[in-house]
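The values are calculated or read from the model by the stated rules, or taken from the named source; none is laboratory data. Remember, predicted model here, so these are calculated numbers, not experimental data. Here Cβ is always computed from backbone atoms with ideal geometry, including for glycine, and neighbour counts include all displayed protein chains. Only protein heavy atoms, including side chains, enter the accessible area calculation; ligands, DNA and RNA are left aside. Shrake-Rupley method; radii C 1.70, N 1.55, O 1.52, S 1.80 Å.
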Amino acid sequence: MRAIVAVIGVLACVLVWAQPVHAPAKPWETWQPSVVVLPNPNGFDTYLKAFALKSQIDQRCLPPDGLTPMPTDRWGEGPPEIPLEQRVALYAEVLDLARQAMTQECRIPPPNDFGDDLLPFYDGFGALARLFAMEAATYTQHNNWAGAGNSVLDCIQMAQNVATRRTLLAFLVASKIEEDGLSVLGDTASQLDAAQCKAALARLTNAEGRRLPIPEVIDGQERLARLGFVWWAKLPGFLGVFRTLPPPPYETSLGVDAVNGTASWQGLTDYFAAIRRLAEQPYLAKTKPVLPRDPLVANVAGDMGPVFFRDARVRTVAHLQMVMLAVRACTLEQGHTPATLQELVPTYIDRVPNDPFGTGPLKLRRNDQTYVIY
C-alpha cells in the first residue's frame with residue numbers, strides 16, 4: 001500500500017513538473033526595455049550645448065520683424081546678407097563645442113517612448129554638418145586644402161556619433177551626413193600633399209573603426225518598435241484601431257484576424273529575427289526585406305529595407321576614399337602609382353579594404369597616366 005502511495009506521489013510530482021509554462025496573456029504588459037548605461041562625461045551633452053548656443057546666435061540674427069530670413073545660397077545657415085566667411089566666424093564657438101564633443105565618448109540616449117525619436121537634435125546635427133561644409137568652403141577659398149579636409153573629416157566623425165542613437169532614423173540621418181562629407185572630401189583630397197593625405201587617411205580609418213554595426217541598429221529599432229507596440233496597447237480598443245485601417249501599402253494585408261495582440265507581438269520577434277539573418281549574409285546574397293503584412297507590426301517596426309543598401313553604399317565610398325588617399329600619398333612619395341593596391345600594405349594601409357557590394361577587396365587598374373579604383 002505504501003509503495004502504491006509513493007508511486008502516485010511521484011507521478012503527481014512528474015505531472016506538476018511537466019505542466020507547460022504559459023507565456024503571459026499580454027506579454028507587452030510585462031516587457032521592459034533594457035537599461036543603457038551612458039558614458040560620463042557624455043559627448044552628446046556637449047553637442048546639446050552646441051545646439052543651444054547656435055539657437056541663441058540664430059535668435060540674435062533675426063531681423064526686427066522676427067522673421068527668419070530666407071537663405072540666398074546653398075548653405076542655409078546664418079544671415080544670408082553677410083559673406084560666407086563672416087557667417088562661419090559667427091558660429092566659431094558652436095563648431096568648437098562640436099569638436100570638443102568629438103573628443104569625448106558619445107552615446108545618444110535610446111528612446112524611452114515611441115514618439116521619443118522625433119527630437120530636434122536631428123535638425124541640430126544637420127545644422128552642424130552645414131556649418132562644417134561652410135567652414136570647408138572658406139578654407140578652399142584660401143587654397144587651405146588641409147583645413148578644408150579637416151572640416152569635412154569632423155563632419156564624417158560626427159556622423160558616427162549620430163548613429164549611436166541606434167534607431168533607423170538615426171542611421172539614415174548619420175549616413176546622409178557622412179555621404180555629404182565624403183563627397184566633399186573627394187574634391188579636396190586631390191589637392192593634399194603626401195603628409196596631409198596620410199593624416200586624412202588616419203582620421204578616416206579611425207572613423208571607419210567607430211562605425212556602428214548594423215546588428216546594433218537592428219537591436220535599437222526593435223526596442224523602439226516594442227515601445228510603439230506598448231504605446232498602442234495603452235489606448236482603449238487599440239486592436240480595433242488597426243482593424244479599421246486600410247491595408248498598408250506594403251504587402252497584401254492579412255486583415256482583421258492578423259491583429260490579435262499576442263500574435264502581433266510574436267510577429268515583431270519574427271520580423272527582426274529575419275532582418276538579423278539578412279544582416280549576416282553578403283550583400284549579393286541579400287534579398288529585399290519584406291515588411292510584415294500585419295498592419296500593427298508594419299506600423300511600429302519601420303521599413304528596414306533601405307538599411308543594407310545605404311550601409312553598403314556609404315561604406316563603399318568611405319573605402320574608396322581611403323584607398324584614394326593611400327594611392328595619392330604613395331604616388332607623391334614614390335614617384336609612381338602602385339601597380340596593385342596590395343603594394344600599399346603595410347606602409348600606407350593595414351589591408352586593402354573590401355568591396356561592400358562584392359565578395360573581395362577593392363582593385364586598381366592603371367590606364368596610361370590615370371588609374372581607376374573599383
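Do we find a residue being among the β-branched types (Val, Ile, Thr) and either open to solvent by less than 20 Å² (accessible area, probe 1.4 Å) or in a helix (DSSP H, G or I) (or both) anywhere in the range 281-288? For the range 281-288, residues among the β-branched types (Val, Ile, Thr) and either open to solvent by less than 20 Å² (accessible area, probe 1.4 Å) or in a helix (DSSP H, G or I) (or both): absent. Return the residue satisfying two criteria in turn: it lies in the range 194-213 and is open to solvent by less than 40 Å² (accessible area, probe 1.4 Å) and farther than 29 Å from Ile275 by Cβ, and of such residues it is farthest from the chain's Cα centre (by Cα). Across the range 194-213, the extreme among qualifying residues is Ala194.
On the given criteria, is Leu245 surrounded by fewer than 15 Cβ atoms within 10 Å (Cβ to Cβ) and at pLDDT 65 or above? Criteria not met by Leu245. Checking each residue of the range 363-374 against the condition of being at pLDDT below 90 and surrounded by 15 or more Cβ atoms within 10 Å (Cβ to Cβ) gives at least one match. Of the residues making up the range 138-193, just one is under 22 Å from Leu38 (Cα atoms), open to solvent by less than 10 Å² (accessible area, probe 1.4 Å) and hydroxyl-bearing (Ser, Thr, Tyr), namely Thr167. The one condition from (1) touching a residue at least 40 places away in the same chain (Cβ under 8 Å); (2) more than 16 Å from the chain's Cα centre (by Cα) that Tyr122 does not meet is (2).
Restricting attention to the range 338-374, the residues that are in a loop (DSSP other than H, G, I, E, B) and not polar (S, T, N, Q) total 19.
Out of the residues in the range 297-353 that are among the acidic types (Asp, Glu) and farther than 30 Å from Ser264 by Cα, which is most open to solvent (accessible area, probe 1.4 Å)? Selected residue: Asp350.
Under the condition of being more than 23 Å from Arg277 (Cβ to Cβ) and either β-branched (Val, Ile, Thr) or not in a helix (DSSP H, G or I) (or both), the residues counted in the range 295-337 number 7. Residue count for the range 71-120 under the criterion of being closer than 18 Å to Gln141 by Cβ and open to solvent by less than 40 Å² (accessible area, probe 1.4 Å): the result is 9. Close contacts from the range 346-369, counting a first residue that is farther than 19 Å from Leu201 by Cβ and a second that is among the hydroxyl-bearing types (Ser, Thr, Tyr) and open to solvent by 100 Å² or more (accessible area, probe 1.4 Å), with Cβ to Cβ under 8 Å and a gap of 6+ residues or different chains, come to Arg365/Tyr374.
Table: residues versus (1) in contact (Cβ under 8 Å) with a residue 40 or more places away in the chain; (2) within 27 Å of Glu333 (Cα to Cα); (3) within 23 Å of the chain's Cα centre (by Cα).
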position: Ala148; (1), (2), (3): yes, yes, no
position: Val162; (1), (2), (3): yes, no, yes
position: Glu178; (1), (2), (3): yes, no, yes
position: Val217; (1), (2), (3): yes, no, yes
position: Val230; (1), (2), (3): yes, no, no
